[in-house]
Amino acid sequence: MARAELTVNDLRNLESRIRDKSADIGVVGLGYVGLPLALAFAEAGFNVTGVDADKGRVNKITRGTSYLLDIESARLKKAVTKGRLKATTSQSALRRVDTIIICVPTPLTKTKEPDLTYIVAASNDIARFLRLGHLVILESTTYPGTTREIVLPILESTGLKVGVDYFLTFSPERIDPGSRKFTIKNTPKIVGGMEPTSTKLAALLYRHVSDRVLEVSTPEVAEMDKVFENVFRSVNIALVNELAKLCEKMNINVWEVIRSASTKPFGYMPFYPGPGVGGHCIPLDPYYLASKAREYFFHTRFIELAAEINETMPEYIVEQTVAALNTRSRSLKGSKILILGVAYKKDIEDVRESPALRVIELLIEKKAMVHYHDPYIPDFREGNHRLRSIKLTKKVFSNYDCVVIVTDHSCYDLKSIAKEAKLIFDTRGCTVGINASNIIRLGE
Ligand SMILES: NC(=O)c1ccc[n+]([C@@H]2O[C@H](COP(=O)([O-])OP(=O)(O)OC[C@H]3O[C@@H](n4cnc5c(N)ncnc54)[C@H](O)[C@@H]3O)[C@@H](O)[C@H]2O)c1
């Protein structure tokens, strides 16, 4: 019997269905990346089915209840009520959609090697339902070569051929969680397909939700672009963290240095020192590239060095807290410390890889009595301890020997905190401009 093939007409039909939004979209993985993307396509007028392994998340979406700060429940509810967005734990829903976007996690193993088990599992699920005319897009951040070396062979094991029977593209997610300024719409989308039709179809799709789509020649270019963007951040954050340590020794104010350097209209962009890096991207993605580079007998020294500097920042913060307490003739052991903010950056609810966790762990190890407050993180586990966010009152600050600002959420009334607290160690420079003798800042 002749093998079924995708005809020119089938391809035209797929293109026109993407153009007129009658193509159905499946999104695998409904986290920080997948849910906003699924909602963006639903709001653009597509029928979207999100598949997630987490039943709790699926139930919440079905009820129109958001679990992400960036997504208001009202928006979600509207898309669900209109029937534009559905969520399910059943992978078989992928059979019915025309395009499948993979947004699953890409963590590291304990030894900081890429852990592609989620991408492999999602690809295997897709392979079970792959059919003629499917467009598959990988959005998870990963090392260059993943689409071709990992996803492609799994999909081709079905006997279908890319560019002939189905299409495969890498398109990195570049969202900035918590940002109101940069959204899916105004952040250019990069697409690199396994062959020209894969690139063209993915570009056609993303133009419905993004103002600018840039087509690149291969998935590897798109994959490298994404990790390079994150390595760039990691290296520059490490550089300014190192500068902050030097400034502290030289008694130069690093915040003033950054402010004056920022007046240069070319060749400079500001990065800010802090307690380290967190989230699912900056602490992890550089290792994806470093690991892949070793296959080529190549050592990415900048990446390793930047990671080393950024990863030691929590220890430095604890050392500086000890030094701050010493100015009040207090030792860390037995001191009451209040950590303000444990999310990895301001105004978000994500605590993954947050440097605050390491700071708290080290403080507890050194026998400090640690409490924390974070409006977005009601509780979390640190070793054997379950910590709960304390209730903030105006008077509470004076109960602590030192208030350490680790994450400068916008809700903190810093002037009032400065009035009440005995001592503040500010790791973010958020109190610059408040002149008070009880404030000690990183890098001053
Ligand atoms: N969080 C960010 O700011 C950000 C930004 C850009 C890129 N990325 C990248 O995007 C990817 C996803 O990150 P995230 O932050 O959205 O992760 P996340 O953990 O918030 O969400 C991933 C979701 O995938 C689900 N999942 C895992 N395996 C599955 C499977 N086989 N089938 C169905 N669902 C599955 C999980 O239950 C979870 O809900 C990662 O590669 C990350 O590096 C993240």
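Does at least one position in segment 364-374 carry a residue that is closer than 16 Å to R428 by Cβ, modelled with pLDDT of 95 or more and aliphatic (A, V, I, L, M)?
no
Residues being over 22 Å from N435 (Cα atoms) and aromatic (F, W, Y): count how many of those fall in segment 246-285.
Summing the residues that are over 22 Å from N435 (Cα atoms) and aromatic (F, W, Y) in segment 246-285 gives 3.
In the list A418, A343, which residue meets the criterion of being touching a residue at least 40 places away in the same chain (Cβ under 8 Å), among the small types (G, A, S) and not assigned by TED's automatic domain parsing to the domain that holds P107?
Details: A418 fails: touching a residue at least 40 places away in the same chain (Cβ under 8 Å).
Testing whether each residue is touching a residue at least 40 places away in the same chain (Cβ under 8 Å), among the small types (G, A, S) and not assigned by TED's automatic domain parsing to the domain that holds P107 leaves just A343.
Any residue at all in segment 328-341 that is within 16 Å of the ligand (Cβ to nearest atom) and among the aliphatic types (A, V, I, L, M)?
No, segment 328-341 has no match at all.
Report yes if some residue within segment 276-292 is more than 17 Å from the chain's Cα centre (by Cα) and surrounded by fewer than 22 Cβ atoms within 10 Å (Cβ to Cβ); otherwise report no.
Scanning segment 276-292 turns up at least one residue that is more than 17 Å from the chain's Cα centre (by Cα) and surrounded by fewer than 22 Cβ atoms within 10 Å (Cβ to Cβ).
Looking only at helices (runs of 4 or more DSSP H) that lie completely in segment 1-85, which have at least 3 residues being surrounded by 15 or more Cβ atoms within 10 Å (Cβ to Cβ) and within 12 Å of the ligand (Cβ to nearest atom)?
Once the helices (runs of 4 or more DSSP H) in segment 1-85 are filtered for at least 3 residues that are surrounded by 15 or more Cβ atoms within 10 Å (Cβ to Cβ) and within 12 Å of the ligand (Cβ to nearest atom), what remains is 34-43, 55-63.
Taking segment 331-349 as the region of interest, how many residues are out of contact with any strand residue (DSSP E or B) (no Cβ under 8 Å at 6 or more places or on another chain), among the basic types (K, R) and surrounded by fewer than 20 Cβ atoms within 10 Å (Cβ to Cβ)? Before the answer, list the steps.
The first filter runs over segment 331-349 and keeps only residues out of contact with any strand residue (DSSP E or B) (no Cβ under 8 Å at 6 or more places or on another chain), leaving 331-333, 343-349.
So of that shortlist, the ones also among the basic types (K, R) come out as 333, 345-346.
Subsequent filtering for residues that are surrounded by fewer than 20 Cβ atoms within 10 Å (Cβ to Cβ) retains 333, 346.
Count: 2.
Can you confirm whether S398 is farther than 19 Å from N241 by Cα, without any contact (Cβ under 8 Å) to a residue 12 or more places away in the chain and surrounded by fewer than 17 Cβ atoms within 10 Å (Cβ to Cβ)?
Values: farther than 19 Å from N241 by Cα: yes; without any contact (Cβ under 8 Å) to a residue 12 or more places away in the chain: no; surrounded by fewer than 17 Cβ atoms within 10 Å (Cβ to Cβ): yes.
So S398 fails the test.
Could you tell me how many of the residues in segment 350-369 are surrounded by 20 or more Cβ atoms within 10 Å (Cβ to Cβ), aliphatic (A, V, I, L, M) and not in a loop (DSSP other than H, G, I, E, B)?
Residues flagged as surrounded by 20 or more Cβ atoms within 10 Å (Cβ to Cβ), aliphatic (A, V, I, L, M) and not in a loop (DSSP other than H, G, I, E, B) within segment 350-369 amount to 5.
Among the candidates T183, T99, T117, which residue alone is among the hydroxyl-bearing types (S, T, Y) and crowded, with 18+ Cβ neighbours inside 10 Å?
T99
Which residues, counting only those in segment 261-302, are of a type in the set (G, A, S), away from the ligand (no atom under 12 Å from the Cβ) and in contact (Cβ under 8 Å) with a residue 24 or more places away in the chain?
G274, G276, S291
Could you tell me whether V104 is within 10 Å of the ligand (Cβ to nearest atom) and touching a Gly at 6+ places or on another chain (Cβ under 8 Å)? Spell out how you get there, then give the answer.
On the way: within 10 Å of the ligand (Cβ to nearest atom): yes; touching a Gly at 6+ places or on another chain (Cβ under 8 Å): yes.
Here the answer is yes, as V104 does meet what is asked.
Would you point out the residue of segment 86-96, among those that are under 13 Å from V27 (Cβ atoms) and of a type outside the set (V, I, T), that is farthest from the ligand (Cβ to nearest atom)?
K86
Select from segment 111-136 the residues that are of a type in the set (V, I, T) and within 16 Å of the ligand (Cβ to nearest atom) and write down the one among them that is nearest to T199 (Cα to Cα).
First pass over segment 111-136, keeping only residues of a type in the set (V, I, T): 111, 117, 119-120, 126, 136.
Going one step further and asking which of them are within 16 Å of the ligand (Cβ to nearest atom), we end up with 117, 119-120, 126, 136.
Values: T117: 25, I119: 20, V120: 22, I126: 19, V136: 11 Å.
Residue satisfying both the conditions and the ranking: V136.
Could you give me the residue pairs with C-beta distances under 6 Å whose first residue belongs to segment 119-132 and is in the same structural domain as G29 (by TED's automatic domain parsing), whose second residue is more than 9 Å from the ligand (Cβ to nearest atom) and assigned to a loop (DSSP other than H, G, I, E, B) wherever it lies, and which are 6+ apart or on separate chains?
Partner pairs satisfying both residue conditions: A127/T158; L130/T158; L130/L160; L132/L6; L132/D165.
Name the residues in segment 324-343 that are among the basic types (K, R) and not in a loop (DSSP other than H, G, I, E, B), would you? Don't jump to the end; show me each part of the working.
If we filter segment 324-343 for residues that are among the basic types (K, R), which is where we start, we get 328, 330, 333, 336.
If the condition is that a residue be among the basic types (K, R) and not in a loop (DSSP other than H, G, I, E, B), then K336 is the only one that fits.
The values are calculated or read from the model by the stated rules, or taken from the named source; none is laboratory data. Keep in mind that what you see is a predicted model, and the values were worked out from it rather than measured. A quick note on method: Cβ atoms are made from the backbone with ideal geometry, for glycine too, and the neighbour counts reach across all protein chains shown.
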